Every structure is written in structure tokens, then in C-alpha cells.
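Take a look at the structure set out below.
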Amino acid sequence: MQTIILEQPGHLRLGSTPEPSAPGPGEALVRVRRVGICGTDIHAFHGRQPFFSYPRILGHELSVEVLALGPGTEGPPAGALCAVEPYLNCGTCIACRRGKTNCCTSLQVLGVHTDGGMRECILVPASKLHASEKLTLEQLALVETLGIGAHAVRRAALDPGEQVVVVGAGPIGLTVMPFARLAGADVIALDISDERLAFAQAQGLANHAVRAGADSDAAIGAITHGDLPTAVFDATGNAASMMRGFELVANGGRLIFVGLMQGDITFNDPNFHRREISLLASRNATSGDLRGVIAQIEAGAIDTQPWITHRATSDAFVDEFPGWLAPDTGLIKGMLLFGEP
């Protein structure tokens, strides 16, 4: 079957791999229809993704069609269209026993720790399928990435009326913003890109847009009437930005690291204690987060239509994808199409 393989950094190859076996108990055989391209895939392509080895079949933002269920398996029936929860957890470790399946001690993420969905068919646990009769294939492929933002906002436990800053208006930061808005927060987007800031405001994802730089503190202070934001979400994966967050958050506030970087983050302990900052990491999402995302899209609370800026068929993707990464292409979310449109 047709498969796209990341052989090594910077080198994708369109090839062929064997068809999956028949699904066993608890498994579902699915046909991959759409694959969303996210920062993880881009970092892997550039050789900067933690917890990663090559060669690897990328793809964890998946919309699929169910082909068959294994013997005695409960799940969406053949023909159902589903989003895939790509986090393969053990179910028995301390995190799983407490419902924190997103940070299982032996977690395997499709397309990162194990081969993912850039292929025509794949076997997945049936329990990881989330069906919808209303969402389109492209909307279903956006469910997982939106789940990242939904989970981060749930971790932050925002109160209505809070003023929050989302640092980084890239694909991950943009997923945080709508859920912060739905929680009733006043959202300030902070980024170095005027184009990304304009997108965030034009789509109603942020109430305010501030360009990162020497004047950004004053601009944020003007919006918050001299107060600092009570929650800061950093979605940059940039060490300097993440460390800067300790200065940006208000006394008694929360700093949430949504982005991930390779290396150490340091901070001044007296400042951390003086402000009594709550520091939170946010990793992946849970089944409940993804079901909530589907419900919000179905209800019309989140408009996904503007998000997908680039598309390519499986035959063209290997050639077209590197060009998407040029700074002037305006990439927000790319989509790989398998099978018929």
C-alpha cells in the first residue's frame, strides 16, 4: 500500500509497505483519509523533534474510515468516519489509573514513537476512534490538534474575565486561543509574525494582538491596565521565550508550557516564589478533551474552515511539502489527502 516515510531529516520518500493484517480483538482496521501536518512533523523533518528516531512513518492528526473491527470488539461500525486519538497508553501505570492517559509512563504516540498514519490503512485500538456523523474529513483531522489547546486550557482552569497571553500564534498557540475564549478569557496573542497575529484577530481567536519585541511589555500593560496577565500559555518551544514567561505572568498567576523544546529551562527561584507562580506542563490530550472538541465543532462554536491553508495529495506531498515551510507561504495548517477528495 502507498506509504510516505521520513527516511532521515529532510528526506521524505513515497513508497510501498505491506497491507495490515486482519484486526484482532480490540482493534480496528481503518482507511486513512486525511492527515493534518503539525509542528511535530515539521520538527521531525528538520531533525529537531525530541523522542524521535528514523526512519518513521509520520502522521498523528488523522481522519479515517472504519473498514472492520476485530472479533468481539465494540466500536464505530464499518463505514463510520472518525478522528483518531493517537496516544497509545498502557492503561495500568499510575498516570493511567488516575485518568491521565495523555502522560502514561510508557506512552507511544502514532507518528512519533511508533509509525503513524501517512499510509493508506492502519490498525488502531478501536477505543481510540471518535466518530462523528456531522464533521467533514478535514474537520475530523483537526480534532487532535485542537485537543492540544483544549487540554492546555483545561489544565489552566481559567476563570471568566481573566486576561491571558498566548505566546506564539503558530499552529499550537492558535489551538489554545479558541478554548481560552470559550472559557471567557480576554486573549492577547503575542508573536513576532504580523501575518499570524492578523490571522488570529481576523478569525476571532484573539481579542488583542501584540507584536513581540522591545515595546511588547508596554503594549500588554496598556491592554491589562497596568496588571500582568494571570495566565500565560507559551506555545513557542523556544527556550528564551519560555524563560521570559516567568517575568510576564502576574503574581499568583499560572505559566503553562504547551510547546516543547530539547534542553533545560531555568528560572530565578526568588522571583518564582515571590510571585507564587503555578508552573504547568501540558502534554497531548485525553479522550474527554477530544470528545469535547468534536462537540464544540458540531455546535458551531469553532470555525475550522480558515485553518487549512495548504493541501496535497499523497502522490504530490513529498515534492510539495518542503516548499510549504518557506517563511512567506503563510502556512497555518497543511493537509495530506489519501484516496478520493
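The values are calculated or read from the model by the stated rules, or taken from the named source; none is laboratory data. Keep in mind it's a predicted model, so treat the numbers as computed, not measured. Here the Cβ positions follow ideal geometry from the backbone for every residue, glycine too, while neighbour counts run over all protein chains shown.
Pairs under 8 Å by beta carbon, first residue assigned by TED's automatic domain parsing to the domain that holds Val84 in the range 52-63, partner among the hydrophobic types (A, V, I, L, M, F, W, C) and in a loop (DSSP other than H, G, I, E, B), six or more apart or different chains?
Listed by first residue and then by second, the contacts come to Phe52/Val112; Arg56/Val112; Ile57/Met118; Leu58/Met118; Gly59/Met118; His60/Cys38; His60/Val112; Glu61/Cys38.
Select from the range 202-217 the residues that are closer than 19 Å to Asp328 by Cα and surrounded by fewer than 17 Cβ atoms within 10 Å (Cβ to Cβ) and list them in ascending order.
Let us first name the residues in the range 202-217 that are closer than 19 Å to Asp328 by Cα, namely 202, 211-212.
Listed by number, the residues that qualify are Ala202, Arg211.
When you look at Thr266, is it hydroxyl-bearing (Ser, Thr, Tyr), assigned to a loop (DSSP other than H, G, I, E, B) and touching a residue at least 40 places away in the same chain (Cβ under 8 Å), yes or no?
So Thr266 fails the test.
Quick check, is Asn271 modelled with pLDDT of 95 or more, in a loop (DSSP other than H, G, I, E, B), among the polar types (S, T, N, Q) and in contact with a helix residue (DSSP H, G or I) (Cβ under 9 Å, 6 or more places away or on another chain)?
No; evaluated as a whole, the condition is false for this residue.
Run down Gly91, Gly39 and say which single residue is surrounded by 16 or more Cβ atoms within 10 Å (Cβ to Cβ) and under 22 Å from Ile148 (Cα atoms).
Gly39
Got a sec? Which strands (runs of 3 or more DSSP E) wholly within the range 1-40 have at least 3 residues that are in contact (Cβ under 8 Å) with a residue 40 or more places away in the chain and over 21 Å from Ala326 (Cβ atoms)? Write out each step before concluding.
Details: elements: 2-8, 11-16, 27-37.
Where strands (runs of 3 or more DSSP E) fall fully within the range 1-40 and carry at least 3 residues being in contact (Cβ under 8 Å) with a residue 40 or more places away in the chain and over 21 Å from Ala326 (Cβ atoms), they are 2-8, 27-37.
Given the conditions (1) at positive phi; (2) among the small types (Gly, Ala, Ser); (3) surrounded by fewer than 14 Cβ atoms within 10 Å (Cβ to Cβ), report the number of the one that Gly237 does not fulfil.
Against the list (1) at positive phi; (2) among the small types (Gly, Ala, Ser); (3) surrounded by fewer than 14 Cβ atoms within 10 Å (Cβ to Cβ), Gly237 comes up short only on (3).
Go over the candidates Gly252, Gly263, Gly323 one by one and state the one that is closer than 24 Å to Gln49 by Cα, small (Gly, Ala, Ser), in the same structural domain as Thr224 (by TED's automatic domain parsing) and surrounded by fewer than 12 Cβ atoms within 10 Å (Cβ to Cβ).
Just a single option satisfies the conditions, and that option is Gly263.
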